[in-house]
Ligand SMILES: Cc1ncc(COP(=O)(O)O)c(C=O)c1O
């Protein structure tokens, strides 16, 4: 075999199998033994709720001209109809964006993270992140070698007292961060919501210390107790907030429809960066997304999926209540797709995953969401994807394993 290492770039060398790859491989292993894996890992959609009928209808009813547009190269900013639909959709959350210049369609919001990284991060630039935070955001940023400033999250979101302290310290050194990345509503993985007071303060701090805010809002729509919390973007007076969201959690992750709303000059640059990556987003998906928005299906589906996820959340919580060991702690999520669990200090959830996989259940060890690899007693559980039976069975198996360890 050809030794390949010497061919890799510095970036190429960093690509190693992540936790989700590991879980997929474990599932294959189990399948070979005629067993199956209950996955409480990623934020996949409830399979029976995927909009198979509505998507099929949209495509069956599409006129020939629409098909000709779908099958052609499109704009690097995204289809005009979809950008207009998204601008209207965001108005419902109080966000105003000109669909012609201030909205770009991305291939999933993961691409938005990549585009933002390309646009703003030079090696050594300071990027502020929640601790813990979305693992694939960290991975996207890491490609460009920033210095991370990791700020702990409590019940009200990012600890701004700690952030301020760090900002003052950096200012004394003559340094300032460039970008703050946060998931303010039903944060991944903790599901906390940044309080209104902190939302206002974070915008003030951005002014005072001159940094941009990348607001990632995939989960805000999945809100169990009232309307979606007001996005930072809706409160942004100076154009410092870049807002990103996605159809993945509300309609379908397979469509790969995400978007960014930001000031025109940022969007124009991102469009050029996107040309180098995929030229334009998928035409079929964009047409479907625009039509689902135009037909009012998206709002209806959000109402539906909230009910499905509320039931699944409650079922998982109920199962955990009786089966998880004493000393395990978690909060009832008010939105989103996950339950974030803290185990007693001596439990190493990375180690325990091996045992869980052998017993046919997968979760994401908390260490994946921290920059500090020594924090190993958390885990994230997903309730949107597994069936109701699998939720109960999965929690029963995990409860047994964790109780055995304590
Ligand atoms: C916080 C956050 N941002 C972005 C994404 C990326 O989602 P997608 O690329 O499917 O839009 C996810 C997916 O789980 C997420 O949790």
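Being closer than 23 Å to residue 132 by Cβ, surrounded by 20 or more Cβ atoms within 10 Å (Cβ to Cβ), under 15 Å from the mean Cα position of the chain (by Cα) and at pLDDT 95 or above: is that true of residue 229 here?
No.
Condition (residue is more than 15 Å from residue 43 (Cβ to Cβ), out of contact with any helix residue (DSSP H, G or I) (no Cβ under 7 Å at 6 or more places or on another chain), touching a residue at least 12 places away in the same chain (Cβ under 8 Å) and surrounded by fewer than 23 Cβ atoms within 10 Å (Cβ to Cβ)) applied to segment 354-369: is it met by at least one residue? First the steps, then the outcome.
The first filter runs over segment 354-369 and keeps only residues more than 15 Å from residue 43 (Cβ to Cβ), leaving 354-361, 365-367.
From the residues that got through so far, the ones that are out of contact with any helix residue (DSSP H, G or I) (no Cβ under 7 Å at 6 or more places or on another chain) too are 354, 358.
This time we only want the ones that are touching a residue at least 12 places away in the same chain (Cβ under 8 Å), so: none.
No; the residues of segment 354-369 include none that is more than 15 Å from residue 43 (Cβ to Cβ), out of contact with any helix residue (DSSP H, G or I) (no Cβ under 7 Å at 6 or more places or on another chain), touching a residue at least 12 places away in the same chain (Cβ under 8 Å) and surrounded by fewer than 23 Cβ atoms within 10 Å (Cβ to Cβ).
Only one residue in 368, 359, 377 is within 20 Å of residue 30 (Cα to Cα) and not assigned by TED's automatic domain parsing to the domain that holds residue 251, so which one is that? Walk me through how you get there before you give the answer.
Values: 368 fails: within 20 Å of residue 30 (Cα to Cα); 377 fails: within 20 Å of residue 30 (Cα to Cα).
Unique residue meeting the criteria: 359.
Check 131, 79, 117, 109 and return the single one that is outside the structural domain of residue 338 (by TED's automatic domain parsing), at pLDDT 95 or above and over 28 Å from residue 364 (Cβ atoms). Outline the logic, then answer.
On the way: 131 fails: over 28 Å from residue 364 (Cβ atoms); 117 fails: over 28 Å from residue 364 (Cβ atoms); 109 fails: over 28 Å from residue 364 (Cβ atoms).
None of the other options fit; the residue is 79.
Please verify whether segment 31-51 includes one or more residues that are modelled with pLDDT of 95 or more, within 13 Å of residue 286 (Cα to Cα) and surrounded by fewer than 18 Cβ atoms within 10 Å (Cβ to Cβ).
no
Can you name the residue in segment 32-67 that is assigned to a loop (DSSP other than H, G, I, E, B) and without any contact (Cβ under 8 Å) to a residue 24 or more places away in the chain and is also farthest from the chain's Cα centre (by Cα) among such residues?
Just the residues of segment 32-67 that are assigned to a loop (DSSP other than H, G, I, E, B), to begin with: 33-37, 40-46, 50-51, 61-63.
Applying the additional criterion that residues be without any contact (Cβ under 8 Å) to a residue 24 or more places away in the chain yields 33-34, 61, 63.
Working: 33: 33, 34: 33, 61: 32, 63: 34 Å.
It comes out as 63.
Sort out which residues of segment 191-216 are over 25 Å from residue 106 (Cβ atoms) and within 16 Å of the ligand (Cβ to nearest atom), and write them in order of number.
Residues of segment 191-216 over 25 Å from residue 106 (Cβ atoms): 192, 195-198, 200-201, 204-205, 207-210.
Of everything in segment 191-216, just one residue is over 25 Å from residue 106 (Cβ atoms) and within 16 Å of the ligand (Cβ to nearest atom), namely 192.
Restricting to segment 155-175, name every residue that is within 21 Å of residue 199 (Cβ to Cβ), surrounded by 13 or more Cβ atoms within 10 Å (Cβ to Cβ) and touching a residue at least 40 places away in the same chain (Cβ under 8 Å).
156, 157, 158, 160, 163, 164, 167
Only one of (1) in the same structural domain as residue 349 (by TED's automatic domain parsing); (2) more than 16 Å from the ligand (Cβ to nearest atom); (3) farther than 23 Å from residue 367 by Cβ is not met by residue 45, so which one is it?
For residue 45, the failing item is (2).
For every residue, the table says whether it meets (1) farther than 19 Å from residue 198 by Cα; (2) in a loop (DSSP other than H, G, I, E, B); (3) within 16 Å of the ligand (Cβ to nearest atom); (4) in the same structural domain as residue 121 (by TED's automatic domain parsing).
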{"position": "218", "(1), (2), (3), (4)": "yes, yes, yes, yes"}
{"position": "227", "(1), (2), (3), (4)": "no, yes, no, yes"}
{"position": "233", "(1), (2), (3), (4)": "no, no, yes, yes"}
{"position": "243", "(1), (2), (3), (4)": "no, no, yes, yes"}
{"position": "252", "(1), (2), (3), (4)": "yes, yes, yes, yes"}
{"position": "260", "(1), (2), (3), (4)": "yes, no, yes, yes"}
{"position": "266", "(1), (2), (3), (4)": "yes, no, no, yes"}
{"position": "269", "(1), (2), (3), (4)": "yes, no, no, yes"}
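The values are calculated or read from the model by the stated rules, or taken from the named source; none is laboratory data. Treat the numbers as computed from the prediction; the structure is a model and nothing was measured. Here Cβ is always computed from backbone atoms with ideal geometry, including for glycine, and neighbour counts include all displayed protein chains.
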